[in-house]
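The structure appears right after this line, and notes come after that.
What follows is calculated from the coordinates using simple rules that are stated; it is not laboratory data. Because the structure is predicted, anything quoted here is derived from the model rather than measured. Ideal geometry is used to build each Cβ from the backbone, glycine not excepted, and the neighbour counts take in all protein chains shown.
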Amino acid sequence: MAAGKIDPMHQFMIAPLSGDQLATTPFQFTNSALWMLIVFGVIVAFMWGGLKRQLVPGRWQAAVELLTGFVDNITRDSIGPEGRRFLPWVFTAFTFILASNWLGAMPFGIVPAAHPFTVTSQFTVTGAMSVISFAIVLGVGLWKHKLRFFSLFVPHGTPLALTFFVAPIEFVSFMVRPFSLGLRPFIAMFAGHILLDVFGNFVVQGMNAGGPMGYGVSLLTFVFAIFIGALELMVGAIQAFVFALLTSLYINDAVNLH
Amino acid sequence: MDLASAQVLGAGLAAIGVGAAGVGVGNVFGSFLQGALRNPAAAAGQTGTLYIGFACAELLGLMAFAVAMIILYAR
């Protein structure tokens, strides 16, 4: 029985849908692009179905209002009344990360040649989103407070002697933000999908090996894989929530200097 | 020591970090519960902070796991 080497990295490969070399032209329609479009389509379809403006919302409209109200609450709670102006970006980031996390975890692989691709498992995507968040923070902070924005690095009531120690630390912690913000959803999806892949391989290899030991391992890992699938859905939602929450907290720092 | 056994050992060592993150996540939720049971009225407003702490602790464990897998399956 071919045990084979498990190759959990294969699922993250970005490949053009037609043809097999990226070198011919840099603009190819890849599986990543396809799944971004699918995620976009799902979000638009979901929102479109709920935008009925009925006085008594139906089920679908209630779901959409729940989503928009949830994100609206995040921005309002952490930024304050000015939070509405930043709602478009926070809402976009939240729904995009949530939808791609969940769509990527769906078992479309049962249908042959229909492999789901988790867009957020690429650092280029989440990194670009965190850079946008960081750019908003810098832009809003500098535009609103001009050079007083740099008082962000000196917390309120710092003794003068300590300022020279605190300011560099605050500066480093400020500059690390875009990395940690983008790394978090990426690594969560990356690790989760590796885990699912490895466990799935254990199931298959245990069955191939046969015998009470093989089937026992297979059954045990299958049960584990179900729980990890559920955990993956939860982590996908939490990561989207944390991205939205941290983005609005950072924007809050820029809008209302602390 | 050949490369294959070094890979397996390295992956096992890297997996220790997952256990450390487990301590961290348990600490986050445990501390939250301690506070929440003493003052349940204030607990509802702090779930956002709870999940930030959870995500920060969880991230490090996931990174340890990803590093272990990269070491294990690097070619």
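Some observations on this one:
- Matching residues in the stretch A:114-160 - criterion: being without any contact (Cβ under 8 Å) to a residue 12 or more places away in the chain and either in contact with a strand residue (DSSP E or B) (Cβ under 8 Å, 6 or more places away or on another chain) or within 22 Å of A:Ala225 (Cβ to Cβ) (or both): A:Ala114
- For the stretch A:195-210, a residue qualifies if it is more than 10 Å from A:Ile6 (Cα to Cα) and either among the β-branched types (Val, Ile, Thr) or not in a helix (DSSP H, G or I) (or both), and the qualifying residues are A:Val203, A:Val204, A:Gly210.
- Residue selected from the stretch A:204-242 under the condition under 16 Å from A:Ser121 (Cβ atoms) and of a type outside the set (A, V, I, L, M), by the criterion surrounded by the fewest Cβ atoms within 10 Å (Cβ to Cβ): A:Gly229
- The set of residues in the stretch A:28-53 that are over 22 Å from A:Leu103 (Cα atoms) and either touching a helix residue (DSSP H, G or I) at 6+ places or on another chain (Cβ under 6 Å) or touching a residue at least 60 places away in the same chain (Cβ under 8 Å) (or both) contains only A:Lys52.
- Total residues in the stretch B:25-46, condition within 24 Å of A:Ile74 (Cβ to Cβ) and either within 10 Å of chain A (Cβ to nearest Cβ) or not hydroxyl-bearing (Ser, Thr, Tyr) (or both): 15
- Single residue of the stretch A:194-203 satisfying the filter (touching a residue at least 60 places away in the same chain (Cβ under 8 Å) and facing chain B (nearest Cβ under 10 Å)) that is surrounded by the fewest Cβ atoms within 10 Å (Cβ to Cβ): A:Val198
- Of all residues in the stretch B:55-75 being touching a helix residue (DSSP H, G or I) at 6+ places or on another chain (Cβ under 6 Å) and at the interface with chain A (Cβ under 7 Å from one of its Cβ atoms), the one that is surrounded by the most Cβ atoms within 10 Å (Cβ to Cβ): B:Leu62
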